[in-house]
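S.K.: Structure incoming, see below.
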Amino acid sequence: MAKKHVAVLMGGVSSERPVSLSSGKACADALEAEGYPVTRIDVGHNVGAVLAELRPDVAFNALHGPYGEDGKIQGVLEYLQIPYTHSGVLASALAMNKKLAKRIAAAAGIPVAESRVMNRHAIGNKHPLKPPYVVKPVSEGSSFGVVIVKEDQTHPPQRLSAADWPYGDIVMVERYVYGREFTCAVMGDVALGVCEILPTGHSFYDYDAKYAPGGSKHEIPAKLSPNIYQTIQKLSLKAHQAMGCRGVSRSDFRYDDRFSENGEVIWLEVNTQPGMTPTSLVPEIALEAGHSFGELLSWMVEDASCSR
């Protein structure tokens, strides 16, 4: 039986274009190695017309950031009735909006850090929360625009009010959570392993730590007590389901064990379009669970559908 013709959507118009090109190339190469006919599409604003003419059996979404993981490309694919990977329109839009995602997570009983959403210009010279805290754009990924305000800073960073700030005016100000950083992948309705992220020479898991070779070390499975390990798995699956995610997702956490082993586990966000670069987390977590990169991608292609 002939394998499905897969269009790998990559690139796009967001600030995460370079990451998406890297993800897309890796996925296209691996799918071809698995025997799938693949067409690589560098996505522009004419993507609807390109897909309408091509009519692939499946669209593999390797886009990141606005237009790629916020429900927009998903809406185009729904309109064209082309089955696609990852989450659908609503789940993608909700997960991309940190304010709404946090509200849904909290309603589902998932522990989140205290925060407030505000216009960056309204922050001015007065701390909106007691330091330390984190300021992050409401709808960006890959840690773009994330600013950590330390305990000893007397006023908010001036860059937040800069005229050339490229990440939008609405930001989330969130209590800084001390401790270790963990992530857990969900595949279908199964939470895979938990990974600890150890940034190398970075203060937190920023863009370079995520994507530069050697920018971080990944410990899979994470060295945690069984109850904390299982808690992170359960919360990841709960977030995946509460948001209505499909296919593969990845939830990120902070775990503060400074004062006790039970400590504090705080959910940060769910990523509906996790990276698929050579240094990405989900492929490594899936491999530890017994799924090669090719097998993971094949599962995603066969799982693709409309009305997700």
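S.K.: List the residues, sorted by chain then number, that are 5 or more residues from Leu192 or on another chain and whose placed amide H is less than 5 Å from its amide H.
M.R.: Ala185, Val186, Met187
S.K.: Continuing with this model, one more query. The range 6-85: percent of C-alpha pairs farther apart than 22 Å?
M.R.: 14 percent
S.K.: Could you calculate the FRET efficiency of Tyr178 with His155 from 1/(1 + (r/R0)^6), where r is the beta carbon distance between them and R0 is 22 Å, rounded to 0.05? Each step should come with its number before you reach the end.
M.R.: Working: r = 22 Å, r/R0 = 1.00.
The value I calculate is 0.50.
S.K.: Under the 0.36 nm per residue contour assumption, what length would be gained going from the current alpha-carbon distance of Glu295 and Ala33 to full extension? Numbers along the way, then the final one.
M.R.: On the way: separation 262, 0.36 × 262 = 94.32 nm, distance 1.06 nm.
That works out to 93.3 nm of additional length.
S.K.: Let me ask you something else. Grab the Cα-Cα distance for Val117 and Val50, subtract it from 0.36 nm times how many residues apart they are, and report the gain in nm with one decimal.
M.R.: Gain on stretching Val117 to Val50: 20.3 nm.
S.K.: Still on this structure, I have one more. Going by how many other Cβ atoms sit within 10 Å of their own, how do Glu284, Glu151 line up, fewest first?
M.R.: Fewest to most other Cβ atoms nearby, the residues stand as Glu151, Glu284.
S.K.: Let me ask something additional. Hey, any idea what Rg/Rh is for the range 115-175, computing Rh the Kirkwood way over Cα pairs?
M.R.: That ratio equals 0.91.
S.K.: Within the set of other residues whose C-beta is less than 11 Å from the C-beta of Cys27, count the net charge using Lys and Arg as +1 and Asp and Glu as -1.
M.R.: On the way: positive: Lys25, Arg40; negative: Asp29, Glu32, Glu34.
With Lys, Arg at +1 and Asp, Glu at -1, the net is -1.
S.K.: Let me ask another. If I take every Cα pair under 8 Å that is 6 or more residues apart in the chain, average their sequence separation and divide by the length, what percent do I get for the relative contact order?
M.R.: Reported as a whole number, the value is 21 percent.
S.K.: Give the lysines whose C-alpha is closer than 19 Å to that of Lys234, dropping any in the same chain fewer than 8 places away, or say none.
M.R.: Those lysines meeting the cut-off are Lys102, Lys223.
S.K.: For q values of 0.06, 0.15 Å⁻¹, compute log₁₀ I(q)/I(0) with the Debye formula on a Cα-only model of the chain, without solvent.
M.R.: Summing over Cα pairs of the chain leads to -0.19, -1.21.
S.K.: Another question, then. Arrange Leu237, Leu77, Leu63 by Cβ neighbour counts within 10 Å, fewest through most, would you?
M.R.: The most exposed by this proxy come first: Leu237, Leu77, Leu63.
S.K.: Separate question: Can you tally the net charge around Lys130? Count Lys and Arg as +1, Asp and Glu as -1, for every other residue whose Cβ sits under 14 Å from the Cβ of Lys130.
M.R.: Summing Lys/Arg as +1 and Asp/Glu as -1 gives 0.
Read-outs throughout are calculated quantities, based only on the coordinates presented, and are distinct from any laboratory measurement. None of the values given here were measured: they were computed from a predicted structure. Here the Cβ is made from the backbone with ideal geometry for all residues, glycine too, and neighbour counts use every protein chain on show.
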